[in-house]
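Peer 1: Here you go, one structure.
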Amino acid sequence: MRDFVQQAHRLVGVMLRDGHRNRQGKITGVDQSRDTPAVYVAWSGQSRCERVTLSIEELRTLVSAYLETHDRRPVEQAEPEASPVSPPQRRTGGVR
C-alpha cells in the first residue's frame, strides 16, 4: 500500500529557495500518484516547471514546516474574513 502525505496540497503556491543552485521558485503542483512523490516548481527565469522528486519523508517534512509556519501567523493575517453578503434579490415576473 502506498504512503500518502496528508495536507500536501497546501504547498501549492508556496515559494521555495534552492540554496545549492541559488534560485527560487513557486510550487505549482504536487504529485503523489507515482511510487516517488514530487512537487512541480516554476523556477524564476525558466519557462517551464520542473518535476522535483522527493522521498515520502522529505515531502512530509516540507508539509510540516509549512504548517508550523502557517499556524504561527497572527489570526488577522491568516485568511481575510469574508464580509457578510445578503442573498441576491430574486425577481419574479410582473409586479415589483
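Peer 1: Go through the stretch 64-83 residue by residue and tally those that are exposed (fewer than 10 other Cβ atoms within 10 Å of the Cβ) and either over 13 Å from R10 (Cβ atoms) or modelled with pLDDT of 50 or more (or both). So that I can check it myself, show each step before the final result.
Peer 2: Let us first name the residues in the stretch 64-83 that are exposed (fewer than 10 other Cβ atoms within 10 Å of the Cβ), namely 68, 71-72, 74-77, 79-83.
From the residues that got through so far, the ones that are either over 13 Å from R10 (Cβ atoms) or modelled with pLDDT of 50 or more (or both) too are 68, 71-72, 74-77, 80-83.
Going through the stretch 64-83 one residue at a time, the tally reaches 11.
Peer 1: In the list T61, T28, T53, which residue meets the criterion of being hydroxyl-bearing (S, T, Y), touching a Phe, Trp or Tyr at 6+ places or on another chain (Cβ under 9 Å) and surrounded by 12 or more Cβ atoms within 10 Å (Cβ to Cβ)?
Peer 2: Checking each option against the conditions leaves just T28.
Peer 1: Can I ask one more? Anything in the stretch 3-49 that is assigned to a loop (DSSP other than H, G, I, E, B) and either in contact with a helix residue (DSSP H, G or I) (Cβ under 9 Å, 6 or more places away or on another chain) or hydrophobic (A, V, I, L, M, F, W, C) (or both)? List them, or say none.
Peer 2: Of everything in the stretch 3-49, those that are assigned to a loop (DSSP other than H, G, I, E, B) and either in contact with a helix residue (DSSP H, G or I) (Cβ under 9 Å, 6 or more places away or on another chain) or hydrophobic (A, V, I, L, M, F, W, C) (or both) turn out to be D3, F4, V5, Q6, Q7, V12, V14, Q32, T36, P37, C49.
The values are calculated or read from the model by the stated rules, or taken from the named source; none is laboratory data. Computed from a prediction, not measured in an experiment: that's the story for all the values here. Every residue, glycine among them, receives a Cβ derived from its backbone with ideal geometry; neighbour counts consider all protein chains shown.
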